[in-house]
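Heads up: the structure comes next, in structure tokens.
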Amino acid sequence: MPVDKNMPILIVDDYKTMLRIIRNLLSQLGFNNVDEATDGTMALTKLEQKPFKMVISDWNMEPMSGLELLKKIRADERFKTLPFIMITAETKVDNVIIAKKEGVNNYIVKPFNAATLKSKLSAVLGAF
Amino acid sequence: MALAHELAKKFIEQLDGLHETKKDELTIGDIDGLFKHLKGQERDKLYEGIQEIAGKIEKVRVEISDPPHPDKISGDIIPDANLQLDAVVKATENATNQILDSVEKIQAAAGALEGEAGEKIIAEVTKIFEASNFQDITGQRIRKVLNTLVDIEKSIKSLMEAISGKIEISVIDVGKKDEDPDKALMSGPQLEEDKPSQDDIDKLFSEA
């Protein structure tokens with residue numbers, strides 16, 4: 001099944017420039033239906049308002065980290081299988097293992113490039 | 001001991017020289033004079049060495065007796081450092097946004113161009129977006145330093161209170177590690193030489 005590039009995607013990061021970068025790179029890949037949240041609480045509110053098909057989130061945020069956001073999303077039956085990609089500078093072994101254990105679908109290391117973003121999106125959504 | 005050995009060696013060398021010159025006319029007075037002369041030289045050297053050490057001790061004494069007051073460290077120096085670092089983050093964020101403003105305009109204009117020229121420009125514009133990741137990484141590193149400074153400030157305040165008798169020594173806050181295990185996972189970007197690549201992470205992720 002071809003990937004629906006009109007799918008609504010939620011990107012979450014407390015740095016607005018990073019949201020801008022991710023939005024632009026997604027746009028270059030053909031994904032233009034993108035919403036932003038600057039923290040986990042805002043992200044959860046937006047998830048209630050719109051049927052997002054993917055979440056791309058930073059880890060290092062406060063007061064709610066990306067890991068905590070992931071846990072809350074996975075704890076909700078409605079979002080148990082919602083694709084969730086972590087884009088983060090947290091690169092220790094423990095981080096990767098626990099993220100996977102909590103149900104993250106893929107893990108991108110900052111700084112990243114457009115090719116990596118495409119590759120990881122394809123791994124989760126299918127080739128496009 | 002070393003000085004005595006050095007002195008003895010010099011004495012013998014110079015006595016040999018004196019003997020060569022004076023031969024049978026060498027007297028006890030000559031030998032005594034030689035010995036006193038050498039002792040004087042050594043004494044001068046020793047005196048210079050001691051003077052140097054005394055100077056260094058004096059410098060340290062002055063520094064110890066007049067350090068920045070802990071109140072000044074926690075009240076002025078650290079908050080000022082925090083403000084400076086915060087200003088760096090804001091400045092890089094503003095500069096990055098300005099760059100991205102222009103780059104987006106270039107991107108839009110390039111999109112209207114047909115053919116290879118437009119594609120080449122968009123490829124370069126993409127590289128600029130990718131490079132702009134730096135602002136996020138820099139901001140996270142600075143935030144790490146800021147958090148450390150806050151911990152130091154707390155420790156200094158606690159120590160001051162303990163010294164003044166306001167609190168028990170046993171409850172000094174020395175910036176204990178966060179009890180929340182999730183917070184403990186947020187250590188920020190690693191140094192370049194320690195940081196794994198995306199390939200390393202992919203391998204770890206697939207094996208986890």
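The values are calculated or read from the model by the stated rules, or taken from the named source; none is laboratory data. Quick caveat: nothing in here was measured; it's all calculated off a predicted structure. Cβ: placed from backbone, ideal geometry, glycine included. Neighbour counts: every protein chain shown. Each accessible area value is taken on the protein alone, full model and side chains, heavy atoms only, with ligands, DNA and RNA left out. Shrake-Rupley method; radii C 1.70, N 1.55, O 1.52, S 1.80 Å.
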Dividing the Cα convex hull volume of the range A:70-113 by residue count, how many Å³ per residue is that? 63 Å³
Residues along the range B:125-139 losing 50 Å² or more of accessible surface when the other protein chains are present rather than the chain by itself (probe 1.4 Å): B:PHE129, B:GLU130, B:ASN133, B:ASP136
Give me the Debye-computed log₁₀ of I(q)/I(0) at q = 0.16, 0.24 Å⁻¹ for the range A:1-52, equal point scatterers on Cα only, no solvent, two decimals. -0.46, -0.91
Is the protein assembly as shown best put as rounded, prolate or oblate by its Cα gyration tensor, with a ≥ b ≥ c the root eigenvalues, rounded for a/c under 1.5, and otherwise prolate when a/b is larger than b/c, oblate when not? prolate
Qualifying lysines (Cα of each under 29 Å from Cα of B:LYS23; at least 8 residues distant if same chain): B:LYS9, B:LYS10, B:LYS36, B:LYS39
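Please report, in whole Å³, the volume per residue of the convex hull around the C-alpha atoms of chain A.
For chain A, the hull spanned by Cα atoms encloses 99 Å³ per residue.
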If we count every other residue with Cβ under 10 angstrom of A:LEU29's Cβ, Lys/Arg +1 and Asp/Glu -1, where does the sum land? +2
So the B/A interface buries, both sides summed and with a 1.4 Å probe, an accessible area in Å² (nearest 100) of 3600 Å²
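A 32 angstrom limit on the alpha carbon distance is what I want to check against. Which of A:LYS53/B:LYS127; B:LYS120/B:LYS183; A:LYS80/B:LYS120 exceed it?
Details: A:LYS53/B:LYS127 27 Å; B:LYS120/B:LYS183 43 Å; A:LYS80/B:LYS120 41 Å.
Over 32 Å Cα-Cα: B:LYS120/B:LYS183; A:LYS80/B:LYS120.
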Contact-by-burial set, the range A:91-106, min loss 40 Å², accessible area of protein heavy atoms with 1.4 Å probe, reference chain alone, gives A:THR91, A:LYS92, A:VAL96, A:LYS100
